[in-house]
1. Looking at 47, 60, which is the one that is at pLDDT below 95 and of a type in the set (Ser, Thr, Tyr)?
2. Of the residues 3, 86, 28, only one is polar (S, T, N, Q) and in contact with an Asp or Glu (Cβ under 8 Å, 6 or more places away or on another chain); which?
3. Condition first: modelled with pLDDT under 95 and not in a helix (DSSP H, G or I). Can you find one or more residues in the stretch 20-29 that meet it?
4. Could you list all residues from the stretch 34-49 that are in contact (Cβ under 8 Å) with a residue 12 or more places away in the chain and exposed (fewer than 15 other Cβ atoms within 10 Å of the Cβ)?
Amino acid sequence: MASIRQLKKDINNDIGFIIEEIYLWELSNPDADLKKSEQLIDEAIQTFDRLIAKINAVNTGEDTKKEFKAIQVEKKKAITDLLIKSAKL
């Protein structure tokens, strides 16, 4: 991992991309029920908040690398889940 700042940027970019894709889907499907897409946007924002809070809660010490590796694994899983859900819209 390059840095904490880069990890935060990656999370921001990945989740921002997903939200942007959902908004584009909403614009291209104006007659569709937007409840599911709005819930997915809310879930993406909550995921962002949760991951950033975990990064900010890490104390520098012996297990710092392990904690950040766990956060990266969680980020990857969360992003994959969000992408799968957005593809089902």
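The values are calculated or read from the model by the stated rules, or taken from the named source; none is laboratory data. Keep in mind the model is a prediction, meaning the values are calculated, not measured. Cβ: placed from backbone, ideal geometry, glycine included. Neighbour counts: every protein chain shown.
1. Among 47, 60, only 60 is at pLDDT below 95 and of a type in the set (Ser, Thr, Tyr).
2. Working: 3 fails: in contact with an Asp or Glu (Cβ under 8 Å, 6 or more places away or on another chain); 28 fails: in contact with an Asp or Glu (Cβ under 8 Å, 6 or more places away or on another chain).
On inspection, the qualifying residue turns out to be 86.
3. Yes, the stretch 20-29 contains a residue that is modelled with pLDDT under 95 and not in a helix (DSSP H, G or I).
4. Taking the stretch 34-49 as the starting set, the residues that turn out to be in contact (Cβ under 8 Å) with a residue 12 or more places away in the chain are 36-37, 40-41, 43-45, 47-48.
Of everything in the stretch 34-49, those that are in contact (Cβ under 8 Å) with a residue 12 or more places away in the chain and exposed (fewer than 15 other Cβ atoms within 10 Å of the Cβ) turn out to be 36, 45.
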